[in-house]
Amino acid sequence: MASLDSVRLKIRHTESHLEILKSEIKRYFDTGPCEVVPDANSSKDRPTFSLQLKTPISAKLGLIVGDCLQNLRSSLDYLVWELVLASKNEPTKQNMFPICVTSDSFQAALRGHRIEGVSSEAAALIDAFQPYHEGEPNAHSLAILDELANINKHRRVLLTEISSISTGEMISLWKDWVSSGGMIPSKLVHNVNFGKALTAEQVDMPGNLIPFIAFNEGAVKGMEVGMCMEAFMNYVSEALACFERFFMPDPLVTLAEIRAAAARIANIAVRTPLVRAQFPGLSGHGTNKEIYLKAESLQPIGAFKIRGAANKILQLTPEEIARGVITYSSGNHAQGVAYAAREVGAKAVIVMPSNAPAIKRAATLALGAQIVDVGLASSERLAVAEQLVPSTATSSFPLMTTSRSSPARPPAALKS
């Protein structure tokens with residue numbers, strides 16, 4: 001079943017790697033790896049300074065950054081895969097999330113079947129996220145993420161410790177990026193001197209400065225790696241939320257499906273009456289409210305569960321009926337499956353907890369079912385039922401709890 005779980009898992013892995021990255025960067029700076037030196041262009045009238053490395057940056061940091069980049073980039077590809085499944089189509093190796101800085105490249109991605117199989121609405125949303133819609137597409141978060149992830153496929157992303165800026169300026173830059181809709185703040189685009197040429201006043205206030213490790217290539221060259229990765233991750237997470245509507249549960253069964261189920265089970269389930277309730281203060285006692293009770297205790301097994309079991313079993317193929325059915329239950333569902341299976345001549349295997357009521361166990365056996373005893377945990381019942389499928393040559397189906405697999409209870413609304 002299509003789900004966003006795998007996509008979210010990728011993003012959680014990114015978060016974990018980012019925490020490791022922050023920890024490693026702190027450990028690096030705790031060693032005092034750099035010193036302040038005059039810039040080559042510094043003058044007596046206007047002295048400026050930069051940071052110079054004394055200790056090389058560990059290659060490990062670049063590898064961690066690469067892990068963050070790949071997890072984020074592949075999370076988008078996972079999204080397209082799940083969108084194809086959500087549209088009831090089969091994903092292919094061509095499917096992936098395109099990131100395009102030109103309209104032509106997006107059209108080429110469509111011809112390359114990158115989002116083939118997703119719904120037209122989801123495809124339009126993917127298009128809306130494309131960087132080519134922006135005035136400076138190469139400064140879009142997705143374009144930068146894609147660029148760096150492609151670099152990381154072939155080699156380690158280059159990092160260099162070059163700069164230091166004030167705490168206030170770093171916070172301002174972060175806020176600008178987060179509120180920009182995925183675009184690098186304009187003050188940073190093409191600014192090769194970002195974080196360089198510290199003034200004497202700045203150098204004299206070391207407690208107010210943040211030395212940082214920056215990217216040394218791509219559109220984010222010179223920008224602090226942690227801030228960049230946080231911005232990428234926030235953008236992808238927010239984008240993901242826009243696709244959640246494509247993974248909503250199936251709608252409730254339709255009236256046509258209810259009527260079809262009622263007709264299907266008519267020869268197995270009893271047409272039980274509706275009885276008008278006579279509760280003080282409610283039906284029949286001076287109010288305009290009427291409450292009716294459906295007398296499902298008159299079903300052959302004494303419960304409505306026969307409806308779901310019959311509806312499911314009557315939709316099996318002759319080959320599946322010949323194999324038989326297996327389920328897990330401690331009572332009414334077990335009897336419903338056993339009864340419906342007997343009506344169509346199918347073998348029924350019921351996995352039951354050892355503490356199931358004796359009267360329900362006896363009734364299930366009386367209906368011709370085979371009982372397999374297990375422990376008390378519901379998870380154990382499911383596990384054992386699944387393990388028995390190959391050896392018992394049966395078709396497994398669990399409790400009918402989803403609307404699509406069982407428009408079973410709704411026929412009661414038709415007074416069936």
Starting from the range 311-322, keep only residues that are within 13 Å of residue 268 (Cβ to Cβ), then list their pairs with residues that are assigned to a loop (DSSP other than H, G, I, E, B) and of a type in the set (Gly, Ala, Ser) whose Cβ atoms are within a distance under 8 Å, requiring at least 6 positions of separation or different chains. 311/406; 311/408; 312/405; 312/406; 312/408; 313/346
Log entry, pairs with first residue in the range 254-279 being without any contact (Cβ under 8 Å) to a residue 60 or more places away in the chain and outside the structural domain of residue 333 (by TED's automatic domain parsing), second being outside any helix (DSSP H, G or I) and buried (at least 17 other Cβ atoms within 10 Å of the Cβ), beta carbons closer than 8 Å, six or more apart or on different chains, reads none
Of the residues in the range 88-121, those that are of a type in the set (Gly, Ala, Ser), buried (at least 18 other Cβ atoms within 10 Å of the Cβ) and more than 23 Å from residue 139 (Cβ to Cβ) come to 117
Contacts under 6 angstrom Cβ, first residue in the range 1-17 being polar (S, T, N, Q), partner assigned to a helix (DSSP H, G or I), 6 or more apart: 6/78; 14/68; 14/71; 14/72; 14/233
Look at the range 77-105 and say how many of its residues are out of contact with any Lys or Arg (no Cβ under 9 Å at 6 or more places or on another chain) and within 10 Å of residue 130 (Cα to Cα). 4
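Which of the residues belonging to the range 329-347 are at pLDDT 90 or above and under 36 Å from the mean Cα position of the chain (by Cα)? Steps first, answer last, please.
Restricting attention to the range 329-347, the residues satisfying the condition of being at pLDDT 90 or above are 332-347.
Selection gives 332, 333, 334, 336, 337.
Looking for whichever is aliphatic (A, V, I, L, M), at pLDDT 90 or above, over 30 Å from residue 115 (Cβ atoms) and surrounded by 15 or more Cβ atoms within 10 Å (Cβ to Cβ) here; the options are 64, 57. Which one fits? Explain how you work it out, then say what you get.
On the way: 57 fails: at pLDDT 90 or above.
Unique residue meeting the criteria: 64.
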Members of the range 367-385 that are at pLDDT 80 or above and assigned to a loop (DSSP other than H, G, I, E, B): 367, 368, 369, 375
Against the conditions (1) part of a helix (DSSP H, G or I); (2) at pLDDT 90 or above, where does residue 388 fall short? Just the number, please. (2)
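Does residue 125 meet the test of being surrounded by 14 or more Cβ atoms within 10 Å (Cβ to Cβ) and modelled with pLDDT of 90 or more?
Details: surrounded by 14 or more Cβ atoms within 10 Å (Cβ to Cβ): yes; modelled with pLDDT of 90 or more: yes.
Against the criterion (surrounded by 14 or more Cβ atoms within 10 Å (Cβ to Cβ) and modelled with pLDDT of 90 or more), residue 125 qualifies.
The values are calculated or read from the model by the stated rules, or taken from the named source; none is laboratory data. As the structure is a computational prediction, the values presented were derived from the model and not from experiment. For neighbour counting, all protein chains shown are included, and Cβ atoms are generated from backbone atoms with ideal geometry for every residue, glycine included.
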